[in-house]
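So the structure is just underneath, and the comments pick up after that.
The values are calculated or read from the model by the stated rules, or taken from the named source; none is laboratory data. Note that this is a predicted model, so its numbers are computed, not measured. As a convention, Cβ positions derive from the backbone with ideal geometry for all residues, glycine included, and neighbour counts pool all protein chains shown. Accessible surface areas use protein heavy atoms only, side chains included; no ligands, DNA or RNA. Shrake-Rupley method; radii C 1.70, N 1.55, O 1.52, S 1.80 Å.
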Amino acid sequence: MPKRCKVCGREAYVYLPQHNLALCKEHFTERHERVVLETIRRYGMFSRQDRVMVALSGGKDSVGLLWTLKKHGFKVFALFIDLGMGAHQERVNRVIERVAERIDVQIVRYSLREHYGVTAPELFRRHRRRHPCSVCGTVKRYLINKLALELGAEVVATGHHLDDEASVLLSNVLRWDDEYLRRQSLVLPKTHPKLVKKVKPLAFLTDREMRAYAEAEGLPYVAEECPFSKGARLKAIAEVLDELERVSPGAKLQFYKNFYKFKEKYLGEAEPPQLRECRVCGMPTTSEVCAFCRIMGKG
Ligand code: SF4
Ligand code: ZN
Ligand code: ZN
């Protein structure tokens with residue numbers, strides 16, 4: 001590893017093999033934030049006039065994103081959903097308190113148990129045939145959208161980074177799932193008055209970069225994994241990509257970036273689905289009762 005920062009020659013804090021670039025803490029942080037701001041600008045994610053809601057999990061990615069947006073003067077606030085995940089949740093909640101002390105933004109806490117009388121693990125037991133992340137993902141997507149609307153956010157920013165995005169992409173490619181491939185995007189536009197625009201400003205930064213950033217900035221974050229985390233298949237896919245990256249630095253970024261050129265040329269955008277209102281809650285859905293209400297056992 002080159003030991004000196006390419007910009008100033010000071011001792012390097014990090015080496016990014018995908019860019020063959022060694023940087024000191026200051027120049028790494030500067031570059032990192034530049035990538036986030038450039039992604040926001042280039043993909044028209046939001047402007048400084050928009051009210052942006054960050055979906056905050058307590059992990060290094062969403063905490064790092066919230067910090068960067070606040071630091072650069074965006075109108076940002078956070079939503080944190082307490083899923084009632086037992087001892088893990090208590091640790092997450094303590095970190096969120098520290099995040100609130102560290103970052104001067106509004107953090108709205110929303111408890112699943114207080115509002116729906118149920119915790120995520122109880123829902124997992126009710127829906128044993130589904131992977132917990134699929135149940136949890138549906139619940140979180142629904143609540144994030146609903147609360148963003150209620151709290152007056154123009155756009156929701158999530159902490160998905162390159163490793164997440166490249167894994168999902170490879171998973172879709174392995175199934176040649178053209179519908180999912182068309183839908184994969186950095187920006188999900190507002191296609192219905194009750195759906196909020198969703199964006200992923202970290203999509204070109206790796207997991208390792210996110211960790212280095214959180215540590216460089218001294219941010220509190222939850223380091224341990226969720227006890228119900230990802231299925232074996234997605235984990236194996238992430239490992240394949242890590243191995244590829246090890247022998248061919250930059251492969252992950254190239255795979256993901258070039259996908260959008262390929263998509264534009266050969267696949268095009270997905271047709272917006274035909275939406276109607278859920279018979280139970282009135283939110284947009286493709287079926288009579290939305291996936292969230294079905295999970296909650298209503299309808
Ligand atoms: Fe939910 Fe899965 Fe994330 Fe855990 S890892 S919070 S179960 S989506
Ligand atoms: Zn430097
Ligand atoms: Zn519903």
Task: Which of VAL118, PHE255, LEU69, positive extreme of dipole for the chain (C-beta unit charges) - done: VAL118
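Evaluate the relative contact order of segment 33-295 (contact order divided by residue number), counting alpha-carbon pairs under 8 angstrom at least 6 apart; express in whole percent. Write down the numbers at each step before the final one.
On the way: 376 pairs, mean separation 58.5, N = 263.
Computed over segment 33-295, the figure is 22 percent.
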Open item on the list: Using a Förster radius of 25 Å, what is the FRET efficiency between ARG182 and HIS127 based on their Cβ-Cβ separation? Nearest 0.05, please.
Closed with: 0.35
Task: segment 37-100 and segment 169-239: distance between their alpha carbon centers, rounded to Å - done: 14 Å
Open item on the list: With angles folded into 0 to 90 degrees, how steeply does helix 251-262 sit against the dominant principal axis of the chain? Use alpha carbons for both and round to 10.
Closed with: 60 degrees
Task: Relative packing of peptides 86-93, 131-138, 166-173 - highest average C-beta neighbours within 10 Å first - done: 166-173, 131-138, 86-93
Open item on the list: If you take every DSSP beta bridge fully contained in the chain, what fraction is antiparallel? Give it as a percent rounded to 5.
Closed with: 30 percent
Open item on the list: Show me the three semi-axes of the equivalent ellipsoid for segment 145-286, from the C-alpha gyration tensor (sqrt of 5 times each eigenvalue), largest first, rounded to whole Å.
Closed with: 28, 22, 15
TODO: Report, in degrees rounded to the nearest 10, the 0 to 90 angle that the Cα long axis of helix 232-247 makes with the longest principal axis of the chain.
DONE: 10 degrees
- [ ] Could you check how much of the accessible area of the chain is carbon and sulfur, as a whole percent, using a 1.4 Å probe?
- [x] 51 percent
Open item on the list: Can you report the principal axis dimensions of the chain using only the alpha carbons, biggest first, rounded to whole angstrom?
Closed with: 63, 48, 39
Task: Debye intensity ratio in log₁₀ form over the Cα atoms of segment 72-112, taken at each q of 0.31, 0.33, 0.35 Å⁻¹ - done: -1.12, -1.18, -1.23
Open item on the list: Once you place label points 7 Å from the Cα toward the Cβ at TYR15 and CYS281, how far apart are they in nm?
Closed with: 4.9 nm
- [ ] Would you mind computing the Rg to Rh ratio of segment 9-60 from its alpha-carbon coordinates, Kirkwood style for Rh?
- [x] 1.09
TODO: For segment 33-295, report the accessible area per residue in Å² (1.4 Å probe, heavy atoms, rounded to an integer).
DONE: 51 Å²
TODO: Using only Cα atoms, find the angle between the long axis of helix 132-150 and the longest principal axis of the chain, and express it within 0 to 90 degrees, rounded to the nearest 10.
DONE: 90 degrees
Open item on the list: Treating only the Cβ of Lys, Arg, Asp and Glu as charged (+1, +1, -1, -1), what charge dipole size does the chain show about its Cα centre? Round to the nearest 20 debye.
Closed with: 380 debye
- [ ] Return the calculated 222 nm mean residue ellipticity for the chain, to the nearest 500 deg cm²/dmol, obtained by summing -39500 (n - 2.57) across DSSP H runs with n ≥ 4 and dividing by the residue count.
- [x] -14500 deg cm²/dmol
